[in-house]
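See structure below.
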């Protein structure tokens, strides 16, 4: 079995040989290399809510996003990077990613796993690969588009079979040969036009009547928050119910051990199992409480977004900077075909600070 250091070295070795993130991910899955999360579970019992009782293939369910993150992580060359994210406000504990120019690096804080030379070579290969699009297109949606069903990123592809070639996106979990999700196919030009139209619409409202837009945003966020709150409340109720059950099972098991109905070996084995689950449930319950408390949408959050929107007066084109400034993520649902052959597809835009408002 590969250890942490070994899987990181393997990923960088493959990258130096010219393998892209999707290719590396496929190799890791095919060779059944365990993920960092599963290794932590195997050693320390963490993430039991994810891995306990899960199918065997869950242990090596790598994603393209994981591989990309590892290839960019400077921790592996002995440096620490700080100030990457912060809370929106004192009241709202939601984490937001800070601009890269606000990060700061402390060099040589620990032993390097990957050499500086190898790391820089991989960064150069990544950069050159991004420039190799034959049509010169920059991937402005990179990192923003997600599958609405499985949560994986959508991968970019090109159809050159037609007289007029075009770009498109598809679920990367479907496109890695794993076929664990459906295609979620959407053309690049269709997505581009829709997102630009929505940003132009909100920009127009921000310029026209800021107060009216503020009220509308707060009403929309109230609806979204109430929907999320119902889901979180159901999860909390389920976790609290299970904790009561586990506490009861633990108490009964102790009685059985005291009465000699189970051996000390079985008692110790079950005791560890129940105690681990109790800890996991306690953490989950606390996190759900914190999430529900931090989900209060304030007027200040909406005002921040409106201020950002006013910086881009009637945008006529999309850029990576504009999208990453205003949008947190875009989720794409599977298309539905009607009897007449027409195709309908839901696309959800989650904006920074305010979430989904369309």
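We did not get these values from a lab; they are worked out from the coordinates using the rules stated. Every value quoted in this text rests on a predicted model; they were computed, and no experiment measured them. Because the Cβ atoms are built from the backbone with ideal geometry, glycine has one as well, and the counts that use them run over all protein chains shown.
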Just want the ordering: 216, 352, from fewest to most Cβ atoms lying within 10 Å of their own Cβ. 216, 352
Theoretical FRET efficiency, 1/(1+(r/R0)^6), r = Cβ-Cβ of residue 316 and residue 23, R0 30 Å, to 0.05: 0.25
So how do 69, 271, 338 line up by other beta-carbon neighbours within 10 Å, fewest first? 338, 69, 271
How would 211, 358, 301 line up from fewest to most surrounding beta-carbon atoms within 10 angstrom? 211, 358, 301
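Need the full-extension length gain, residue 208 to residue 52, defined as separation in residues times 0.36 nm minus the C-alpha distance. One decimal, nm.
Residue separation times 0.36 nm, minus the Cα-Cα distance, leaves 50.8 nm.
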For residue 108 and residue 124 in one chain, what is 0.36 nm times their gap in residues minus the Cα-Cα distance, to one decimal in nm? 3.6 nm
